[in-house]
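Single-structure report; data block below.
The values are calculated or read from the model by the stated rules, or taken from the named source; none is laboratory data. Keep in mind that this is a model prediction, so the values were computed, not measured. All Cβ positions, glycine included, derive from the backbone under ideal geometry; neighbour counts span all protein chains shown. Surface areas here come from the heavy atoms of the whole protein model, side chains and all, with no ligands, DNA or RNA. Shrake-Rupley method; radii C 1.70, N 1.55, O 1.52, S 1.80 Å.
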Amino acid sequence: MKLAANWGSSYNVIIGVGGITGDARGDIISRDTSGAVWRNTGNGKGAFGARTKIATGWQGYKGVF
């Protein structure tokens, strides 16, 4: 299933993490090449909202789990 297109080369990790916002809808976490971690909240209908920065300084880590 394709979730998104044209995320660009600025992201080096994108993962589905389940519902982390407490609304029982699946969310996506991504990390950009500068080490900022972003959350895209799922709407429960197969789409995701605008990104929200949730952390910085993660450029030294190999992955986000």
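Remarks
- The residue of the stretch 15-43 that is farthest from F65 (Cα to Cα), among those that are at pLDDT below 90 and in contact with a Lys or Arg (Cβ under 8 Å, 6 or more places away or on another chain), is T21.
- Candidate set: the stretch 44-57, residues that are over 14 Å from W7 (Cα atoms) and open to solvent by 90 Å² or more (accessible area, probe 1.4 Å); chosen: the one modelled with the lowest pLDDT: K45
- Output for the stretch 22-36, where each listed residue is surrounded by 13 or more Cβ atoms within 10 Å (Cβ to Cβ) and part of a loop (DSSP other than H, G, I, E, B): R25, G26, G35, A36
- Total residues in the stretch 37-65, condition of a type outside the set (S, T, Y) and not in a strand (DSSP E or B): 13
- Looking across the stretch 40-65 at every residue that is under 12 Å from the mean Cα position of the chain (by Cα) and charged (D, E, K, R), the one that is nearest to R25 (Cα to Cα) is identified as R51.
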